[in-house]
Structures are given as structure tokens and as C-alpha cells.
1. Relative to the longest principal axis of the C-alpha atoms of the chain, give the angle of the C-alpha long axis of helix 2-12, reported between 0 and 90° and rounded to the nearest 10°.
2. Which percent of the Cα-Cα distances in segment 124-173 go past 18 Å?
3. Looking at [x] 18.8; [y] 21.2; [z] 19.7, which value of Kirkwood radius over Cα pairs in Å comes from a calculation on the structure shown?
4. So what is the 222 nm mean residue ellipticity for the chain from helices alone, if each DSSP H run of at least 4 adds -39500 (n - 2.57) and you divide by all residues, rounding to the nearest 500 deg cm²/dmol?
5. Under 5 Å between amide hydrogens, which residues at least 5 positions from Arg154 or on another chain qualify, with H placed 1.01 Å from N in the peptide plane?
6. Just the number please: accessible area per residue for the chain, 1.4 Å probe, all protein chains included, in Å².
7. Could you state how much accessible area Ile24 has, in square angstrom rounded to the nearest 10, with a 1.4 Å probe and all protein chains kept in place?
8. Mind listing which GluC sites (Glu not before Pro) in segment 29-102 are in a DSSP loop and have 10 or fewer other Cβ atoms within 10 Å?
Amino acid sequence: MSGEREEHISVNARPRTQERYQSIIDNHIIPRLGQVQLSKLTPADVKSLHSALLECGMAAAGVELVHTVLSGALKHAFRLELIWRNPAVAIKPPKRVRGELPPTTVQDVLRILQRARVSGHYLYAAIHLLAFTGVRRGEALGLMWSDIDLDAGRFMINKSLIRTQKAGIIIQPTKTDLSRRRIDLDPDTIEVLRAHRVKQVEHRLKLGEAYEDRGLVFPDELGRALN
């Protein structure tokens, strides 16, 4: 059963999601339900799992995620005719208590940008792009110069950088068609990127063979994907 579970996760999830689901199974589900025969698992067992996790201090959102993973695994078992029902369906996870975070003000963003610019921080251009286009951090760090047309004033988002325990840092295509999109650049951001590119070329020439040019817009100081 363990092999089937791992095969199902590997085939149907992205690398970081695989690791997250596997961690949930290994650290939360197996220790508490692993001794229960699959065919004898009941809604009461699922409810007990929720209670145990809450008593250990897990937030309701975390319990909800564990429930989702468990229910998905049991759904797969049902399809394989290993069980006659999915006992997790009968139980609802605890309700989340959503906390409200104060929104970042325009003044806060401008203050951060000013400090990064004045200090000459090598990620100033990345911070500027995040602030003025709203792209995600992983999307910005996975951006290649081949994705940007500064003359036309636009760039394409079609990949994202993620970190995994097994594979390390990888750049992979975005998850959905909606995630793949073209974004227009304002004149100030175009100039910031042009200046960033000039500095990057100068830095690359200075380091010579020590610089690994992978075409990334925002690499680390040696040209590699940011860790």
C-alpha cells in the first residue's frame, strides 16, 4: 500500500508538492492512523486525528491540509477498490480562524525601494519589478533575459523558481495557462532593468570564468539561481 501511495503522489503532483504531501503522510497521518487496517478506518478515526493534531498545537489550517491529503489518499484507495467508502468525506476539518494582516502602504514600498537603491543592493531591480508588476517571487527569480523585450516594453511569465529538498532549486513551467501571461512594463521599470542588465554584464566580465551565465535576470553573484 505504501508503494502505491508514493507512486500516486509522484505521478500526480509537482516536486515541492510531492515533498509536502509525503511529509504530511509520514509525520502526521502514519504515526496516528498507520496501525488501523485500511478497510476498518472509520469517520471516528478521522475525527480523532483532527483532535490529536489540534491538541499538539497545529493550527486549523494545518489540520485542514492534513485532512485534504488523507481524503485524497482514501479517494485513490476507493478507486482501486481497496475500500468501499471514503471515511474522510463524512468529517469536516475544523474551521480556520483567519487573522487580518495590515496591508502594506505605498509609502512602505517606496521606502524599501529607496533604501535598496541608495545602498546599491544587487536585488534592487528585482524588488522594483515585484513592486511595480505584482509578479510572484518565484516568477521573478525564474525570469530569463530571453523572456524580456525591453524595446517593446513587456515580458513573459512562463516559468517559476521553486526550492525542493530532493532536487534543490529548479526552474519549471508555471502551473496553469492563467499563470502564463504577458506583462507590460512602465518606462521607469524599463530603465531600471536596462541599468540592471548593464551592471550584470560588467559584473560577469569582471568575474570571468567564475561567473556561470545561465541567462537569469536575477541570479546570485555567481550567476546561479538564487538559493
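The values are calculated or read from the model by the stated rules, or taken from the named source; none is laboratory data. Values in this document were obtained by computation on a predicted structure and should not be read as measured data. No Cβ is skipped: glycine too gets one built from the backbone with ideal geometry, and neighbour counts run over all protein chains shown. SASA here: full protein model, heavy atoms, side chains in, ligands and nucleic acids out. Shrake-Rupley method; radii C 1.70, N 1.55, O 1.52, S 1.80 Å.
1. Tilt of helix 2-12: around 40 degrees.
2. Percent of Cα pairs beyond 18 Å in segment 124-173: 32.
3. For Kirkwood radius over Cα pairs in Å, the calculated option is [y].
4. -15000 deg cm²/dmol
5. Sorted by chain and number, the residues that satisfy this are Asp149, Leu185.
6. 64 Å²
7. 10 Å²
8. Glu81, Glu100
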